[in-house]
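First up is the structure itself, then whatever we jot down about it.
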Amino acid sequence: MEVLDLVLFEPVRGILDAPLFFVEVLIGGLMSGVMYALVALGFVLIFKASGVFNFAQGSMVLFAALFFVGFMDAGVPMWLAFLLTLAVMVVLAFAVERMVLRPLVNQPAITLFMATIGITFFLDGLGQAIWGSDVRRLDVGIPEDPIIVADIFINQFDLFAAVICGTLVAVLALFFQYTPTGRALRAVADDHQAAMSVGIPLSTVWTIVWVVAGIVGLVAGIMWGAKLGVQFNLSLIALKALPALILGGLTSVPGAIVGGLVIGAGEKVAEVFWGEVLGGAIEDWFAYVLAMVFLLIRPEGLFGEKIIERV
Amino acid sequence: MMDRRTGLALMAGVVAAGLVARAAPAQENVQFIPSLVYRTGPYGPNGEPFANGVADYYNLINERDGGINGIRIVFEECDTQYNNDKGVECYERLKNKGPTGAAVFSPLSTGITYALIERATADRIPIFSMGYGRSDAAYGRVFPYIFNPPANYWSQATSIIKYVAEQEGGLDKLKGKKIALVYHDSAYGKEPIPTLQKLEGMYGFKLSLHPVAHPGLEQKATWLKIGRRVRPDWVLMWGWGVMNSTAIKEAAAVGFPMERFIGNWWSGSENDVKPAGDAAIGYKSANFHGAGADWPVHKDILEYVYDKGLGAGKRERVGEVLYNRGVTNAMIVVEAIRKAQEIHGVKPLTGEQIRDGFENLDLTEARLKELGMEGFMLPLKLSCADHEGGGPVYIQQWDGQKWNKISDWYHPMRDVVWPMIEESALKYAKEKGITPRECPQG
């Protein structure tokens, strides 16, 4: 009974005793969730259009950030560095389509997944071979001082990240919904063969989706790079996005956002109020536990498409 | 198209050439020193400058002096990625190389050090865990092959608390103060906890513990708790890699004053503060050697190594904190080998013979001056019983451009730490069935 009180009721009493602090933690968690969602978006885009779980998304974030900061350190203005890196990501998308995806058309999903693992190692190595493994500071002019609203601390950097993420999602939603290319992407996502039969070129669609995922990776790389410094660890943030993906569903852009928010808020609240009872440093594994609990209820994730297989 | 016979002949040739190449060093008059490094992986940015410092110093000894009393150093790196399994693999791969086997291993990882203690002891190869690793390994009677000078984590914790006490007006003024420890949730990060808890009991401050999961990319929850709920008077940090810069940024985000935030010596390099930008100004950390490239040893490294195109890293990074730590590590290894040569003769030596060099190491002020490192660190003396030396630390502060020494040297509270070391080491000996050896010094 004492253990039950310690694990269940004591943390809840902590929340009730300090409701403002709880709100502060919740907001902080939601802001972190936005950053996870930024990474999760890249996974969703590629999975949605090609059925490939792109293990290399985290490495694409690092790769893009390395080029961006590398160009900036060489004295290139920020806007030009952005465009140049964008060009690099476009070249990468073409290379991936031509050298990895095209030879593997009609292969099982697991083969494509394994191929993306190979891409991960290649990108990690190539990026660091070109730019080195030093930690590089990335200053894109986003203020980082906290602001206090009703005695609640809010990090300005996180607010900016939320706005950028929101904008990115809106643009992606419009792109998918209202442009011919977006419709082609959705068609390919629904059925490769049917899409090809009506004249949608699969290779072009795959290239486009890898380009879009590269752009999302670049934005995520800039935001995470500005937060942590550009370094190898950026590739590991994919691990923070996975629970958000599991929870939101692999095929839903809004799902990635909601998943990120739920995971971010959940893990922060758990760490602050339950961390001490459970030994501390619980937020990483707690995120996965939370995602798994959701999976028990909705195996396809919150917004994922229900897969109905007819026998 | 190559036929099968030609292919086989070529393969045989390659294998034979490989064997000759491997056998070649065994015929030479060289001392083989393995180098466990991590230039890749999550902690690569920190491992690299350290590895560069080590490599540059060994090259300096070869290029300027022709080796250690004429015995050239041959060293080989093995990348562990700060991973215990890979560390053990590297150890096994390198331990028998060279004419007399590995001279000494420096794992640059507390986890790998723990994993190698029994193996290295059985193989009679010293493990030199400079300022990291198992703290009670300072007790030479139980750990004959493990050395952790100039100070272990327990000693460092007491030195930092002495600094904090001085800022507060004395040890008696610590009563009622709140001190938070933010630590890497690993064997390394947990090392200072017993000492800090002991000091908490002695001086009446209140210690709170805040683990951060590897690699430490997200610490918002930890810092909201510290900055908005615990509200400590001081925060100490036992971090490594990206955890450090993230902690500094998050501390700034909750408005915690940098002047009251002190990292240990693995949380006080340029890599820890530069990514955090202006937020890091005022941040403090412990250190046991100099920062910067203002010593004669650096001048020699630039002249004999970099000017000849032999530098391991970038010229402008010579003198960074972790680079200097690599130099310090290599210098102590070389001096231990030199001392071992005094005892066993000038020739390639075995690990067991080099252990004797470590146990008789006496780095006096005069010797440090000869090495071009006067004032770089304080003198160090080891013995059969004391494998640590109880070295002092100072506090440095980041001003946005460079680290500045802002305090005097603080000697550890040996009266507190040594009984803890002895108790823990004897407990380990009992568990492992080790009979503590006799040492002349007691």
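The values are calculated or read from the model by the stated rules, or taken from the named source; none is laboratory data. Values in this document were obtained by computation on a predicted structure and should not be read as measured data. Glycine gets a Cβ as well: all are built from the backbone with ideal geometry, and neighbour counts include every protein chain shown.
Looking only at the range B:362-395, count every residue that is within 15 Å of B:VAL321 (Cα to Cα) and in contact with a Ser or Thr (Cβ under 6 Å, 6 or more places away or on another chain) and tell me the total.
3
Name the pairs: first residue in the range B:301-323 and assigned by TED's automatic domain parsing to the domain that holds B:LYS274, second residue buried (at least 19 other Cβ atoms within 10 Å of the Cβ) and at pLDDT below 95, Cβ to Cβ under 6 Å, at least 6 apart or on different chains?
none
Among the residues in the range B:262-279, are any buried (at least 21 other Cβ atoms within 10 Å of the Cβ) and in a strand (DSSP E or B)?
Yes, the range B:262-279 has at least one match.
Can you confirm whether the range A:206-216 contains a residue that is buried (at least 24 other Cβ atoms within 10 Å of the Cβ), closer than 30 Å to B:LEU224 by Cα and modelled with pLDDT under 90?
Checking the range A:206-216: not a single residue is buried (at least 24 other Cβ atoms within 10 Å of the Cβ), closer than 30 Å to B:LEU224 by Cα and modelled with pLDDT under 90.
Of everything in the range B:268-298 that's in contact with a helix residue (DSSP H, G or I) (Cβ under 6 Å, 6 or more places away or on another chain) and of a type in the set (Ser, Thr, Tyr), which residue is farthest from the other protein chains (Cβ to nearest Cβ)?
B:TYR283
Which ones in the range A:49-88 are surrounded by fewer than 24 Cβ atoms within 10 Å (Cβ to Cβ) and closer than 20 Å to A:ALA184 by Cβ?
Of everything in the range A:49-88, those that are surrounded by fewer than 24 Cβ atoms within 10 Å (Cβ to Cβ) and closer than 20 Å to A:ALA184 by Cβ turn out to be A:SER50, A:GLY51, A:VAL52.
Can you tell me how many residues within the range A:91-109 are among the hydrophobic types (A, V, I, L, M, F, W, C) and at pLDDT below 90?
Residues in the range A:91-109 being among the hydrophobic types (A, V, I, L, M, F, W, C) and at pLDDT below 90: 4 in total.
Working only within the range B:246-265, note down all residues that are of a type in the set (Asp, Glu) and away from chain A (no Cβ under 11 Å).
B:GLU259
So B:MET373 clears everything in (1) touching a helix residue (DSSP H, G or I) at 6+ places or on another chain (Cβ under 6 Å); (2) farther than 20 Å from B:HIS298 by Cβ; (3) among the hydrophobic types (A, V, I, L, M, F, W, C) except one condition, right? Which one?
(2)
Would you confirm whether or not the range B:268-286 contains a residue that is within 17 Å of the chain's Cα centre (by Cα), on the phi < 0 side of the Ramachandran plot and among the aliphatic types (A, V, I, L, M)?
The answer is yes, given that some residue of the range B:268-286 is within 17 Å of the chain's Cα centre (by Cα), on the phi < 0 side of the Ramachandran plot and among the aliphatic types (A, V, I, L, M).
So B:GLU359 passes all but one of these: (1) more than 20 Å from B:VAL74 (Cα to Cα); (2) surrounded by 22 or more Cβ atoms within 10 Å (Cβ to Cβ); (3) in contact with a helix residue (DSSP H, G or I) (Cβ under 8 Å, 6 or more places away or on another chain). Which condition number does it fail?
With (1) more than 20 Å from B:VAL74 (Cα to Cα); (2) surrounded by 22 or more Cβ atoms within 10 Å (Cβ to Cβ); (3) in contact with a helix residue (DSSP H, G or I) (Cβ under 8 Å, 6 or more places away or on another chain) applied to B:GLU359, the lone miss is (3).
Among what's in the range A:28-45 and is more than 14 Å from A:ALA238 (Cα to Cα) and among the aliphatic types (A, V, I, L, M), pick the residue that is farthest from the other protein chains (Cβ to nearest Cβ).
Looking at residues that are more than 14 Å from A:ALA238 (Cα to Cα) and among the aliphatic types (A, V, I, L, M), I get A:LEU45.
Restricting to helices (runs of 4 or more DSSP H) lying wholly in the range A:220-311: which have 2 or more residues that are touching a Pro at 6+ places or on another chain (Cβ under 8 Å)?
Those helices (runs of 4 or more DSSP H) span A:253-269, A:283-297.
Take the residues of the range A:116-154 that are more than 21 Å from A:GLY221 (Cβ to Cβ), free of Cβ contacts under 8 Å to residues at least 40 places away in the same chain and not in a loop (DSSP other than H, G, I, E, B): which is farthest from the other protein chains (Cβ to nearest Cβ)?
So, considering only residues that are more than 21 Å from A:GLY221 (Cβ to Cβ), free of Cβ contacts under 8 Å to residues at least 40 places away in the same chain and not in a loop (DSSP other than H, G, I, E, B), the one farthest from the other protein chains (Cβ to nearest Cβ) is A:VAL149.
When residues of the range A:167-202 are filtered for being over 21 Å from A:LEU41 (Cα atoms) and in contact with a Leu (Cβ under 8 Å, 6 or more places away or on another chain), how many remain?
Adding up the residues that qualify gives 3.
Exactly one condition in (1) in contact (Cβ under 8 Å) with a residue 24 or more places away in the chain; (2) of a type in the set (A, V, I, L, M, F, W, C); (3) under 21 Å from A:VAL34 (Cα atoms) is false for A:VAL277; which is it?
Failed condition: (3).
Listed here are the residues, each with its yes/no results for (1) out of contact with any Ser or Thr (no Cβ under 9 Å at 6 or more places or on another chain); (2) within 14 Å of chain B (Cβ to nearest Cβ); (3) among the acidic types (Asp, Glu).
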residue	(1), (2), (3)
A:VAL258	no, no, no
A:VAL262	yes, no, no
A:LYS268	no, yes, no
A:PHE273	yes, yes, no
A:ALA281	no, yes, no
A:ALA287	yes, yes, no
A:PHE294	yes, no, no
A:ARG298	yes, no, no
A:PHE303	no, no, no
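Which one is modelled with the highest pLDDT among residues in the range B:184-214 that are over 22 Å from B:GLY170 (Cβ atoms) and of a type in the set (S, T, N, Q)?
So, considering only residues that are over 22 Å from B:GLY170 (Cβ atoms) and of a type in the set (S, T, N, Q), the one modelled with the highest pLDDT is B:SER208.
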